[in-house]
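Asker: Here it is: the structure, laid out below.
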Amino acid sequence: MVNIKEVAERAGVSPSTVSRALSGRVAVSPETKEKVMRAVRELNYQPNALAKGLKEGRSKTIGLIIPNVRNLVFPAAIKGITDVAKKYGYTVILCNTDEDLETEKAYVDNLRKRLVDGLIFSTATAASTHILELKEKGFPVVLLIRHLKDKVDAVIVDNYQGGYEATRFLIQRGYRRIAFVNGTLDLDLYRQRFAGYQAALAEAGIAYHEELVVHGTRDWEDGYRAILTILERGQKPDAVFAASDPKALGVIKALKEKGLRVPEDVAVMGYDNLDMSELMDPPLTTMAQPFYEVGKRAAERLIKLINSKRKSRPVVEKLPAQLLVRASVDYGPGGDHQGGQ
């Protein structure tokens, strides 16, 4: 590998002159710069990015910390982050925590030692005091999908609006006994979807039945078990709103095994719009989350914080979820075929 001394010898100048010419921050004569650049081209010299970063206090790297690399909500968000990082010359280091707080803290320590310029977290919970400490120290941090109220910069989806619109849509289609298969209430995003569900029921004058609700589900297997639990309680929903598409997949599987047709007997609605959603049988009606845009804006926000010379108040940006109507929802007994969406 060619080093800076070899470039200096070829150009007939000192190594420090080569460094100044390449940095662009210190003036050198046009003739000298041309000699240096000619030597760089002839020798195919590639500057040592790490050494340059250490000298400047920057590494041009971003740490991305996610809770579960197998969760299908993340690929599009990661693509958004890496596209922006590439545009601005940054490299992204991905870390998977499996929702383990000590693993996450170890990653943070390791990444800080490697002089990453900033961190994007999609792991925030009430226990994430280390994230707040980073923010207090002025280290660039942005949250993705999850947030810590208005204490740290974040890009999220408006989950209350999404839960409300999904439930209202089912009500407009004539459904009245709407079951809700939710995630853990430890996460604000699931609390907000639940609150939106309750608000839409109340607005329509439909009584809330606790027996139609199961919290704490994580994946399709939990969704499968959740709807069986509701049926075993003696409840017969005419629609199910699942707080994620994998949960909806489990719900559909369980309903079919019980001899119930979707949507003729029970309509099913999801939340995400994962790639698999359109391939389900039947294709899943869902609230689409703009994951790519969330990732893109989170990376743009982080790079802005990295380049800022002064502290600013945290900004929490909420993006809307969008209703996508497919075949898993038809019209309930009281549905308006003309006026419904």
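The values are calculated or read from the model by the stated rules, or taken from the named source; none is laboratory data. Please read these numbers as outputs of a predicted model, since none were measured by experiment. Ideal geometry is used to build each Cβ from the backbone, glycine not excepted, and the neighbour counts take in all protein chains shown. For accessibility, only protein heavy atoms count, side chains too; no ligands or nucleic acids. Shrake-Rupley method; radii C 1.70, N 1.55, O 1.52, S 1.80 Å.
Asker: Which is farthest toward the positive dipole end of the stretch 215-336 among Gly270, Gln289, Ile227, measuring Cα position about the Cα centre, with Cβ charges +1 (Lys, Arg) and -1 (Asp, Glu)?
Answerer: Most positive-ward Cα: Gln289.
Asker: If you roll a 1.4 Å probe over the stretch 27-128 with all protein chains in place, what percent of the accessible area is carbon or sulfur?
Answerer: 53
Asker: Suppose the chain between Ala127 and Ser312 were pulled fully straight at 0.36 nm per residue; how much longer would it get relative to their current alpha carbon spacing? It would help to have the intermediate numbers written out before the result.
Answerer: On the way: separation 185, 0.36 × 185 = 66.60 nm, distance 2.39 nm.
The span from Ala127 to Ser312 would gain 64.2 nm if fully extended.
Asker: Based on the Kirkwood radius over alpha-carbon pairs, what is the Stokes-Einstein translational diffusion coefficient of the stretch 52-162 at 25 °C with 0.890 mPa s viscosity, in µm²/s?
Answerer: Values: Rh = 14.5 Å.
It diffuses with D of about 169 µm²/s by this estimate.
Asker: Give me Rg/Rg_expected for the chain, where Rg uses Cα atoms only and Rg_expected = 2.2 N^0.38 Å with N residues. Numbers along the way, then the final one.
Answerer: On the way: Rg = 26.1 Å, N = 341, 2.2 N^0.38 = 20.2 Å.
Expressed relative to 2.2 N^0.38 Å, the Cα Rg reads 1.29.
Asker: Right, another one. If amide H atoms are built 1.01 Å from N in the plane of the peptide, which residues on other chains or at least 5 residues away come under 5 Å of the amide H of Glu317?
Answerer: Ala154, Val155, Ile156
Asker: How much of the pair distance distribution for the stretch 208-341 lies past 17 Å, counting alpha-carbon pairs only, in percent? Could the numbers behind the result be given before it?
Answerer: Values: 5715 of 8911 pairs.
So the pairs more than 17 Å apart make up 64 percent of the total in the stretch 208-341.
Asker: Here is a further query. Towards the positive end of the charge dipole of the stretch 82-188, with charges on Cβ (+1 Lys, Arg; -1 Asp, Glu), say which of Thr97, Pro140, Phe180 has the farthest Cα.
Answerer: Phe180
Asker: Tell me the carbon and sulfur percent of the accessible area for the stretch 190-334, rounded to whole percent, probe radius 1.4 Å. Intermediate values should be presented prior to the final figure.
Answerer: Values: 3350 of 7000 Å².
About 48 percent, which is the carbon plus sulfur part of the accessible surface.
Asker: With springs connecting C-alpha atoms under 10 Å apart, model the chain as a Gaussian network and identify which of Asn96, Asn182, Asn307 has the largest mean-square fluctuation.
Answerer: Among Asn96, Asn182, Asn307, the largest GNM mean-square fluctuation belongs to Asn307.
Asker: Rounded to two decimals, what is Rg over Rh for the stretch 164-235 when you use alpha-carbon atoms and the Kirkwood radius?
Answerer: Numbers: Rg = 12.0 Å, Rh = 12.6 Å.
Expressed as Rg/Rh, it is 0.96.
Asker: Then there's this: Quick check for you: with a 1.4 Å probe and neighbouring chains kept, what is the accessible area per residue of the stretch 85-202, in Å²? If you can, show how the numbers build up before the last one.
Answerer: Details: 5070 Å² over 118 residues.
Computed with neighbouring chains in place, this is 43 Å² per residue.
Asker: I would also like to ask the following. Which cross-chain or sequence-distant (5 or more) residues have an amide H under 5 Å from the amide H of Val213, H modelled 1.01 Å from N in plane?
Answerer: Phe180
Asker: On to the next question. Which entries of Lys79/Lys105; Lys113/Lys304; Lys236/Lys256; Lys105/Lys247; Lys86/Lys309; Lys5/Lys304 show an alpha-carbon separation above 26 angstrom in the structure shown?
Answerer: Details: Lys79/Lys105 24 Å; Lys113/Lys304 22 Å; Lys236/Lys256 14 Å; Lys105/Lys247 30 Å; Lys86/Lys309 22 Å; Lys5/Lys304 35 Å.
Long pairs (Cα-Cα over 26 Å): Lys105/Lys247; Lys5/Lys304.
Asker: Right, another one. To the nearest 10 square angstrom, what accessible area does Tyr208 show with a 1.4 Å probe?
Answerer: Rounded to the nearest 10, that gives 90 Å².
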